[in-house]
Amino acid sequence: MDFPLLIGIFPQVLLDGLILGFMYALIALGYTMVYGVLEFINFAHSEIFVVGAFVGVEILLTLQAAGLLEIFSPFLVLLVVLLLGMLASGLLAVTVERVAYRPLRGAPRLIPLISAIGVSFFLQDAVRLVESIWRNAFNLVYPTMDTLNIRYSFTETLDVSVKSLVVIVASLLMLWGLHALVNRTKIGKAIRAVAEDQATASLMGINVNRMISLTFLIGGAMGGAAGVLFGVQYSLINPYTGFIPGLKAFTAAVLGGIGNIPGAMLGGLVLGLLEAFAASYLSLLTGGAFGAEYKDIFAFSILILILIFRPKGLLGEVVRERA
Amino acid sequence: MITSLLSRPVPATILVIALLGITAYAVSHFPRSIVAFMLFQASILLLYFASMPAWLKGLLTAGALGVLMPVVGSINGYYLEIAIQVGIFVALALGLNIVVGLAGLLDLGYVAFFAVGAYTWAIFGSPQANQIFGGSAFPVPPAWFFVFLLLGVGVAASAGILLGLPVLRLHGDYLAIVTLGFGEVIRVLANNLDKPINFTNGPKGITPISRPPIFFDPALRALGIDPNPNVVYPLYLYFLVLLIVGVTILVNRRVEDSHVGRAWEAIREDQTAAQAMGVPLVRMKLMAFACGASFAGAVGVLFSAKQVFINPESFTFMESIGVLAMVILGGMGSIPGAILGATVVTVLNLQVLKGLSLWLNELRNAGVTIFGWSLANLPTQLEPAKYERMVFGLILVLMMIFRPQGILPAQRRHRELRDAAARPEN
Amino acid sequence: MRTVRLRYLPVALAALALVLPVTSLTDAQSKGTIKIATQSPLSGGQAALGEGIKLGTQLAIEKLKGPIEKLGFKVELVPFDDQAKPDVGVANAANVIADKDILVVVGHLNSGVAIPASEKYKEAQLAMISPANTNPTVTDRNYLNVSRVCGRDDVQGVVGAEFAKTTLKAKTAYVIHDKTTYGQGVAEFFKADAEKKGIKILGFEGTEEKSNFDPIITPMKAKNPDLIYFGGIYDQAAPFFKQAREKGVKATFMGPDGMDSSDLTKIAGKAVQGMYYTSVAGPVSVYPAAKEFAKQYKDKFKKDPEPFAAQAYDATAIGLKAIEAAIKASGGKVPSREQVSVAVRKTKHTGITGTIEFDEKGDPKKALYFVLQVASDDPGKWGDNKEVKRLSIAAPPLKKS
């Protein structure tokens, strides 16, 4: 076994895993927040994520076509794109809730789940339809911005690109912002109250419907931000891109304890790191017998193990059974 | 008007028999008309609603499915293929209905058990097993298919227990994600176990898989019928599927009203209360998993024999979601619901949406114009064939909003929802 | 309780009745029409490639239906969406067989769908000409009705290894594939032959990942291979190559014919400039037919052809030729499906992917492979890709078991 190699790539794998983990964390927030207030899995969240990515790529491509991409500072452009992507995804999430979930309040919990699956199918092909007409293509590529691709080499095997740093910094800022919003503001308190008990919250004068819409807005916006960052980091997107990251983020949310915001962040990071290490090391450690393709098995096995010992996830509190 | 007709036995019987006859005749007259076939399917559905003596209903159902359908199917083989796939999905939906509908355990990886069954026969019913054990003893003789049908049940049930054991403590959506993971694990394993030892041949898949022997071949010859395998096999497979579906329905109905079935429903409604009433949670949950899985295992065996070739592409997460949609669309916990849900989704997917696309294509080729605008100018981006999933998604959402209890809800669930609707706020 | 539900029934029946007349009308009118079906995924993640097959066929029918129309028949395309799912493909196949006007099927994209579906076609001896199924099993079953115009994995992989050894003089290689029948097949044959020729394989990895390749690139970069071979399709390979270059991997890139799309450079840009790929479709700059095809395709559909569109075009051309021959042989009447299948095997056709002639089991007798080099990072200049080597390898003969 090649020990210098195994140790040499360690920092790089750690970094790769962190970036992936932050991405998962951002998406997982959408799942976990919706679950917190409505107790159902919002399957359409992966499409909300994709719509964010598509809004981002459309703005960037438009800027590029107008020759404006080189003029403005890439960071400024990215900030604007990020905000608009968040806005679009957030509004879409609110609309989806209004149209497809609100009429189903109080129905057995599998009903909104199926509705969400329906929305997910619908949105996938709707994005494809729009892009097919608009650009006659639905595999779109984020334009390259040279500043973001500058790399700093620290050692032989570790180097960091500007865009990786952007992803990490942006994710951290947003996670911190959300944490502050939920825990330090009145609105956050109201959302938490609705999550705790809708009937009581409404008796306390909280507009439950508005808070639920707000939850979707925030969760959707986080998903949209993740979409833009995903596009910037990995470049190629298509209407079906969201499915796998969505599934993983959902897993991350459960891993951390679904309905729990810090849990989603932790779960995302743990899952991202697990995946990165499994994919990089499995083949090296087993002499090629098992390779990167086993990373999902590895991740899911760990998930099952963790859930056996902590049935409510890593940070999940022991919640009462739903009446 | 139809409702009042159907509620009176004599006119109902006459109406249903007449409809079955007319539509079957229509299919034989317009073998390519999907609408004729759909009307035929609709009249079988009508049979279910018609009120008539149970023996007569049974007789008519047997006649429609056992005689008319094969006749229709031999006129147009496509319909038989649809009927076989409908049967396969009906059995799957009934199996999942036990886990999700009765016991209330959300399973998002149900297709894993289907895969387990399919691979059980695929490996031993093809030369693939030689890769594992060496030599050239395999495939086993085709007659072993029937042994493997039982074996598939056993293996899948064991897999169900295997999955059930570690996750018994989990509730609701934690369980959902673990089953989802399990489904993915099985698929990824099937996709990757071509090394270090070649079990599944990876993405390249396994072929040729033996089909069950035509044991009634001499009988057919004695009757003076030349058994052309191209005609006989689809019919044979159709009757096998029918048999499995029949057994599944029988078991489902017996189980539903047994103490086990009641225990499952008790767990679904309130786990803590059920436990307090002395329902053994662990055993009952494991039984639900095993029971649901076993049906999938049996159809899996049949599926691999029907396809002659399998690879992991047939066992994706989307298939699990599809079966789940069938159960919920039909009405959770309801046997007729699961059957109808599976039928509707399969027919919608394989027949209606496809038929619509083909129909539009024909209109285009025929040069039809709408308000002076030629259909042939429709840009390729807008072709309906590409948006079948979008239509399906829309149908799912609309169904859930306007008929959340499913098409044919279980009676108990129906009452529950009405009560929930009567309450102002949850 | 039960009666309430039936309110909707008359409405549904009425709606169905509305559709009925039109369908029966078209039923009656189909005399003298010959149809060619395509089966490929038109929805879902692989839709872009599947659509390429459909559009290639559509173009071929439009351009080449003349001779059959002169004989008094209409030629129509019937596109089917197999959703890349085996069960859907088989159901469609049953529907295809039931339509007696369909004499040739062009498809599928996935071998996993093609193999079970062709069992159905075989029941009717309906000719299937595959533009993309490179899995050896497709033709090794020796069915009269199954042929393909594309090469086999075991041939293309060898071509790649041969080029890597003799021209690139690579000493070490790292092989990545996409865990599909196609990608893994090519990659395995590349690996086996490269090892035989003395190239050291530093790693062999499969991945279903579509966007994030970091964890695979890191150990690969540390091992510093001369050559990276990606067995797969451009939509997965391009982000991989792009990320690998961005992470500072300096190896030469190479891949099979799944790379043959201008979208490769559209996605990966500079990263793939100078990379090599093997293909049966000759470079547009040398073959006027290929150039003409690319131009017509772009004019009609406003986009560049996808990887298997040219093969679909040739498959359709062969199908049309065979139908024409079969009509003539049967005295101007609609030929049987078996006659068409026989005629397909006898057809020799020079198309945009070279001259195709089938051997006894339906493989092209001699596949002429080109090794091409990506000329520019501008997707508009995909047509300038240069041929760097030409290899002609026959498909392995049928194994008698």
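FYI, it's all coordinate maths here, none of it is from the lab. Remember, predicted model here, so these are calculated numbers, not experimental data. Backbone-built Cβ (ideal geometry, glycine too); neighbour counts: all protein chains shown.
A few points about this structure:
- A simple spin-label model places pseudo-atoms 7 Å from Cα toward Cβ; at B:PHE216 and A:PHE72 they are separated by 7.3 nm.
- When the convex hull of its Cα atoms is projected in every direction, mean area for the stretch C:155-222 (nm²): 4.6
- With a Förster radius of 60 Å applied to the C-beta separation of C:LEU398 and A:SER202, the computed FRET efficiency comes to 0.20.
- Dipole in debye (nearest 20) - the protein assembly as shown, about Cα centre, beta carbon charges: Lys, Arg +1; Asp, Glu -1: 1100
- Equivalent-ellipsoid semi-axes of the stretch B:1-93, from the Cα gyration tensor, Å, largest first: 23, 16, 11
- Angle between chain C longest axis and helix C:8-28 axis [Cα atoms, degrees, rounded to 10]: 90
- The relative contact order of the stretch A:1-126 comes to 31 percent, based on Cα pairs under 8 Å that sit 6 or more residues apart.
- Listed residues A:ALA66, A:ALA28, A:ALA137, most fluctuating in chain A (Gaussian network, C-alpha, under 10 Å): A:ALA66
- Ratio of the Cα radius of gyration of chain B to 2.2 N^0.38 Å, where N counts its residues: 1.05
- Förster-model FRET efficiency, 25 Å R0, A:PHE10 and A:ALA65, C-beta, rounded to 0.05: 0.05
- Whole-angstrom gap from the stretch B:1-43 to the stretch B:216-240, using each part's C-alpha centre: 28
- Set against the 2.2 N^0.38 Å expectation for a compact globular protein, the stretch B:83-333 has a Cα radius of gyration ratio of 1.06.
- Percentage of interatomic Cα-Cα distances in chain A larger than 29 Å: 39
- Distance from the alpha carbon centroid of the stretch B:121-142 to that of the stretch C:52-71 works out to 44 angstrom.
- Structural descriptor for chain C: relative contact order 17 percent, calculated from alpha carbon pairs under 8 angstrom and at least 6 residues apart.
- Helices meeting the span-like rule in chain A (full DSSP H runs, Cα extent of at least 27 Å along the helix axis, mean Kyte-Doolittle score of -1.0 or higher): A:10-38, A:45-65, A:74-96, A:110-135, A:162-184, A:208-234, A:261-285.
- Put a dot 7 Å past the Cα of B:LEU5, heading toward its Cβ, do the same for B:HIS259, and the two dots end up 4.8 nm apart.
- Residues of type lysines that C:LYS365 reaches as a straight line, Cα spacing below 23 Å, ignoring anything fewer than 8 places off in the same chain: C:LYS122, C:LYS321, C:LYS346, C:LYS348, C:LYS389, C:LYS399, C:LYS400
- Distance violations [Cα-Cα > 30 Å] among B:LYS57/B:LYS354; C:LYS165/C:LYS386; B:LYS204/C:LYS366; C:LYS74/C:LYS303; C:LYS171/C:LYS361; A:LYS248/C:LYS179: B:LYS57/B:LYS354; C:LYS171/C:LYS361
- Between the stretch A:76-120 and the stretch C:208-276, the C-alpha centres lie 35 angstrom from each other.
- Efficiency of FRET from Cβ geometry, C:SER336 and B:THR61, R₀ 41 Å, rounded to 0.05: 0.60
- Amide H contacts of A:ASP159 (H built 1.01 Å from N, under 5 Å, at least 5 apart or other chain): A:PHE154
- Among the DSSP helices (H) of chain B, those spanning at least 24 angstrom by Cα along their long axis with an average Kyte-Doolittle hydropathy of 0.5 or more are B:9-29, B:77-96, B:145-164, B:172-192, B:229-256, B:281-307; this is a geometric and hydropathy rule only.
- Relative contact order of the stretch B:83-333, taken over Cα pairs closer than 8 Å and 6 or more residues apart, is 44 percent.
- Which of A:LEU84, B:GLY21, C:GLY50, positive extreme of dipole for the protein assembly as shown (C-beta unit charges): B:GLY21
- The protein assembly as shown: mean projected area of Cα convex hull, nm²: 44.6
- Note on C:LYS65: aspartates and glutamates with a C-alpha under 18 Å away, same-chain residues under 8 apart excluded, are B:GLU362, C:GLU76, C:ASP101, C:GLU292, C:ASP314, C:GLU324.
- Springs between Cα atoms under 10 Å define the GNM used for chain A, and in it the highest mean-square fluctuation of A:SER161, A:SER171, A:SER132 occurs at A:SER132.
- Modelled label reach - C:LEU368, point 7 Å along Cα→Cβ, the stretch C:280-324 residues with backbone N closer than 13 Å: C:280-284, C:286-290
- Among the chymotrypsin sites (Phe, Trp or Tyr not before Pro) in the stretch A:56-131, those placed in a DSSP loop whose Cβ has at most 14 other Cβ atoms within 10 Å are A:PHE72.
- Helix axis angle, C:181-196 relative to chain C longest principal axis, alpha carbon, degrees: 30
- Over 30 Å (Cα to Cα) - which of C:LYS70/C:LYS291; B:LYS386/C:LYS295; C:LYS85/C:LYS200 fall in this group: C:LYS85/C:LYS200
- Tilt relative to chain C, helix C:111-124 - C-alpha long axis, 0 to 90 degrees, to 10: 30
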